[in-house]
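Contents: one structure, followed by commentary.
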Amino acid sequence: NLKLPPAEESSLTNAEWWIVGRYLADGHTGTRGDFFISVGRDKAEEFEKNAVDYLGQVCERTALQYRLKNVSHSLAEMLRKCGRGAQNKQVPIEGICLCKEKSEALLSGYLSGDGNKTGNAVNASSVSKALLLGMAMVAQRARNIIASVYAGKPAGKHIIEGREVNQLQLWVMCWRDS
């Protein structure tokens, strides 16, 4: 149960905050400073519905990589504040100070990428502890719940999609819906 800062006005729309959440889950910055979001084929329909105004070029790899278009200066600035590289992602302070409605948009965007629901258990995992601690605060404001954040799978060599990788410490955020 964290002490939340007061809510502040944001010039970003709910749709833009949803994009920020999805970017926190699976986004990266290209070499030219443009923004990409990777989406598994099973989540493409939901992504395209929610990001319709931002859909640019798509490249098919192991996941669909969407280049964002129509990114306003304000949205680009917010995406840059999210950090680079999975282990450096974090919720910008502006995301922690959102009203309930925009907090829900941010949380929903994030969970659409990194979230999982089994029964009434909701969880998400990341190699960024800071990201999950920030998302726990967003969830508290959006849904009036208290999320737990704890260490998951330890760092080490793991097999992902048939190849051996050096994985960082995994962190887990979870709560139960009523």
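The values are calculated or read from the model by the stated rules, or taken from the named source; none is laboratory data. Because the structure is predicted, anything quoted here is derived from the model rather than measured. Ideal geometry is used to build each Cβ from the backbone, glycine not excepted, and the neighbour counts take in all protein chains shown. What goes into the accessible areas is simple: the full protein's heavy atoms, side chains included, and nothing from ligands, DNA or RNA. Shrake-Rupley method; radii C 1.70, N 1.55, O 1.52, S 1.80 Å.
Summary of values
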quantity	calculated
Accessible-area value, Lys69, 1.4 Å probe, nucleic acids and ligands omitted, Å²	90 Å²
Sequence of Arg141, Arg41 when ordered by accessible area, the most exposed leading, probe 1.4 angstrom	Arg41, Arg141
Total formal charge among the other residues, if their Cβ is under 12 angstrom from that of Lys157, Lys/Arg +1 and Asp/Glu -1	+1
Accessible area of the chain divided out per residue, in Å², using a probe of 1.4 angstrom	55 Å²
Cβ-defined net charge surrounding Ser11, 11 Å radius [Lys, Arg +1; Asp, Glu -1]	-4
Ranked order, Leu12, Leu2 - accessible area, probe 1.4 Å, largest first	Leu2, Leu12
Whole-Å semi-axes of the range 86-150's equivalent ellipsoid (Cα gyration tensor)	16, 15, 10
Options [x] -0.64, -0.75, -0.98, -1.24; [y] -0.77, -0.88, -1.11, -1.29; [z] -0.77, -0.84, -0.99, -1.15 - which one matches log10 I(q)/I(0) by the Debye sum over Cα atoms at q = 0.13, 0.14, 0.16, 0.18 Å⁻¹ as calculated here	[x]
Cα gyration tensor of the range 1-66 - equivalent ellipsoid semi-axes, whole Å, descending	26, 14, 13
